[in-house]
Amino acid sequence: RYRMATAQEIINRALRMTGVLPDGETATAAQASDALNSLNEMLYAWRDRGVDLGHSELELGDTIPYQDDHLACIRYSLAVEISGDFGRPASQDIQYRQQQLFLALQAQYCNPPMMATDFPQSHCVVEF
(Lines give C-alpha, C1' and ligand atoms only; values in the text may rest on other atoms or scores of the structure.)
Protein backbone atom coordinates (compact mmCIF):
# COMPACT_ATOMS: atom_id res chain seq x y z
CA ARG A 1 0.00 0.00 0.00
CA TYR A 2 1.28 3.44 -0.90
CA ARG A 3 0.98 6.29 1.51
CA MET A 4 2.25 9.79 1.08
CA ALA A 5 4.17 11.74 3.67
CA THR A 6 6.15 14.94 3.41
CA ALA A 7 9.78 15.15 4.41
CA GLN A 8 8.67 17.45 7.27
CA GLU A 9 6.24 14.78 8.56
CA ILE A 10 8.92 12.09 8.45
CA ILE A 11 11.34 14.41 10.28
CA ASN A 12 8.81 15.35 12.97
CA ARG A 13 7.96 11.70 13.62
CA ALA A 14 11.64 10.71 13.78
CA LEU A 15 12.32 13.52 16.25
CA ARG A 16 9.35 12.40 18.38
CA MET A 17 10.62 8.81 18.34
CA THR A 18 13.93 9.93 19.81
CA GLY A 19 12.27 12.15 22.41
CA VAL A 20 13.56 15.41 20.95
CA LEU A 21 10.01 16.61 20.24
CA PRO A 22 6.99 16.11 22.49
CA ASP A 23 3.80 14.78 20.89
CA GLY A 24 2.04 17.39 18.80
CA GLU A 25 5.10 19.64 18.44
CA THR A 26 6.89 20.39 15.20
CA ALA A 27 10.59 20.85 14.61
CA THR A 28 12.13 24.30 14.71
CA ALA A 29 13.59 25.61 11.46
CA ALA A 30 17.11 24.71 12.62
CA GLN A 31 16.10 21.20 13.73
CA ALA A 32 14.21 20.59 10.48
CA SER A 33 17.11 21.84 8.36
CA ASP A 34 19.63 19.60 10.15
CA ALA A 35 17.34 16.57 9.97
CA LEU A 36 16.57 17.23 6.29
CA ASN A 37 20.29 17.22 5.49
CA SER A 38 20.63 13.93 7.35
CA LEU A 39 17.61 12.48 5.54
CA ASN A 40 18.99 13.35 2.10
CA GLU A 41 22.47 12.05 2.96
CA MET A 42 21.00 8.83 4.36
CA LEU A 43 18.85 8.12 1.30
CA TYR A 44 21.79 8.77 -1.05
CA ALA A 45 23.96 6.44 1.05
CA TRP A 46 21.40 3.65 0.78
CA ARG A 47 22.34 3.26 -2.89
CA ASP A 48 25.75 1.97 -1.79
CA ARG A 49 23.97 -0.54 0.46
CA GLY A 50 21.83 -1.91 -2.36
CA VAL A 51 18.67 0.14 -1.84
CA ASP A 52 18.21 2.57 -4.69
CA LEU A 53 14.93 4.41 -4.27
CA GLY A 54 15.74 6.77 -7.13
CA HIS A 55 16.25 9.48 -4.54
CA SER A 56 16.62 13.11 -5.51
CA GLU A 57 17.24 16.01 -3.14
CA LEU A 58 14.21 16.63 -0.91
CA GLU A 59 12.86 19.87 0.51
CA LEU A 60 10.74 19.96 3.67
CA GLY A 61 7.42 20.22 1.83
CA ASP A 62 8.22 17.53 -0.73
CA THR A 63 6.03 14.44 -0.75
CA ILE A 64 7.74 11.08 -0.34
CA PRO A 65 5.46 8.57 -2.12
CA TYR A 66 6.61 5.12 -1.03
CA GLN A 67 5.03 1.97 0.28
CA ASP A 68 4.23 1.87 3.99
CA ASP A 69 7.18 -0.42 4.75
CA HIS A 70 9.53 1.99 2.96
CA LEU A 71 8.22 4.95 4.96
CA ALA A 72 8.55 3.04 8.23
CA CYS A 73 12.14 2.14 7.37
CA ILE A 74 12.94 5.74 6.43
CA ARG A 75 11.40 7.03 9.66
CA TYR A 76 13.18 4.53 11.94
CA SER A 77 16.46 4.92 10.07
CA LEU A 78 16.29 8.69 10.32
CA ALA A 79 15.56 8.45 14.05
CA VAL A 80 18.70 6.36 14.53
CA GLU A 81 20.71 8.60 12.18
CA ILE A 82 19.86 11.89 13.90
CA SER A 83 19.60 10.73 17.49
CA GLY A 84 23.25 11.46 18.28
CA ASP A 85 23.10 14.85 16.57
CA PHE A 86 20.35 15.88 18.96
CA GLY A 87 21.93 14.33 22.05
CA ARG A 88 19.18 11.72 22.44
CA PRO A 89 20.48 8.23 21.68
CA ALA A 90 17.91 6.00 20.00
CA SER A 91 16.53 3.28 22.26
CA GLN A 92 17.50 -0.33 21.69
CA ASP A 93 13.93 -1.02 20.54
CA ILE A 94 14.16 1.67 17.86
CA GLN A 95 17.60 0.46 16.77
CA TYR A 96 16.40 -3.14 16.57
CA ARG A 97 13.28 -2.22 14.61
CA GLN A 98 15.38 -0.08 12.23
CA GLN A 99 17.74 -2.98 11.57
CA GLN A 100 14.86 -5.36 10.86
CA LEU A 101 13.11 -2.90 8.55
CA PHE A 102 16.30 -2.11 6.64
CA LEU A 103 17.22 -5.77 6.16
CA ALA A 104 13.73 -6.40 4.78
CA LEU A 105 14.06 -3.41 2.47
CA GLN A 106 17.48 -4.58 1.27
CA ALA A 107 15.99 -7.97 0.48
CA GLN A 108 13.38 -6.30 -1.76
CA TYR A 109 16.07 -4.48 -3.72
CA CYS A 110 18.67 -7.24 -3.77
CA ASN A 111 19.64 -8.24 -7.31
CA PRO A 112 22.35 -10.85 -6.94
CA PRO A 113 24.46 -11.46 -10.02
CA MET A 114 23.81 -14.59 -12.03
CA MET A 115 25.81 -17.51 -10.79
CA ALA A 116 28.35 -18.93 -13.21
CA THR A 117 29.29 -22.57 -13.26
CA ASP A 118 32.75 -23.97 -13.57
CA PHE A 119 31.60 -26.39 -16.26
CA PRO A 120 31.95 -25.63 -19.94
CA GLN A 121 28.60 -25.34 -21.67
CA SER A 122 29.07 -28.70 -23.40
CA HIS A 123 28.85 -30.44 -20.01
CA CYS A 124 25.46 -28.96 -19.24
CA VAL A 125 22.88 -31.22 -20.80
CA VAL A 126 19.19 -30.86 -20.20
CA GLU A 127 17.00 -33.71 -21.35
CA PHE A 128 13.24 -33.54 -21.70
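The values are calculated or read from the model by the stated rules, or taken from the named source; none is laboratory data. A quick note: this is a predicted structure, and the numbers were derived from the prediction, not measured. Please note: Cβ atoms are built from the backbone with ideal geometry, for glycine as well, and neighbour counts cover all protein chains shown. Ligands, DNA and RNA are excluded from the accessible area calculation, which covers all protein heavy atoms including side chains. Shrake-Rupley method; radii C 1.70, N 1.55, O 1.52, S 1.80 Å.
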Regression test value, accessible area per residue of the chain, probe 1.4 Å, units Å², expected 65 Å²
In debye to the nearest 20, the charge dipole size for the chain, taken about the Cα centre with +1 at each Lys and Arg Cβ and -1 at each Asp and Glu Cβ, equals 280 debye
Sorting Trp46, Ala32, Pro22 by the position of each Cα along the dipole of the range 7-47 (Lys, Arg +1; Asp, Glu -1; all at Cβ), the one nearest the positive end of that ordering is Trp46
Long-range amide H partners of Tyr66, meaning residues 5 or more apart or on another chain whose placed amide H is closer than 5 Å, are Arg3, Ala5
Carbon and sulfur atoms account, in whole percent of the 1.4 Å probe accessible area of the range 1-119, for 49 percent
Stokes-Einstein D for the chain (10 °C, 1.306 mPa s, Kirkwood Rh from Cα pairs), in µm²/s, comes to 98 µm²/s
If R0 = 25 Å, then Ser33 and Cys110, at their Cβ-Cβ distance, give a FRET efficiency to the nearest 0.05 of 0.15
Protection proxy (average C-beta count within 10 Å per residue), highest first, orders 19-27, 90-98 as 90-98, 19-27
Of 69-80, 34-45, ordering from highest average Cβ density within 10 Å down gives 69-80, 34-45
The range 18-39 and the range 43-88 have their Cα centres apart by a whole-number Å value of 14 Å
Charge tally for neighbours of Tyr44 with beta carbon under 14 Å away, counting Lys, Arg as +1 and Asp, Glu as -1, is -3
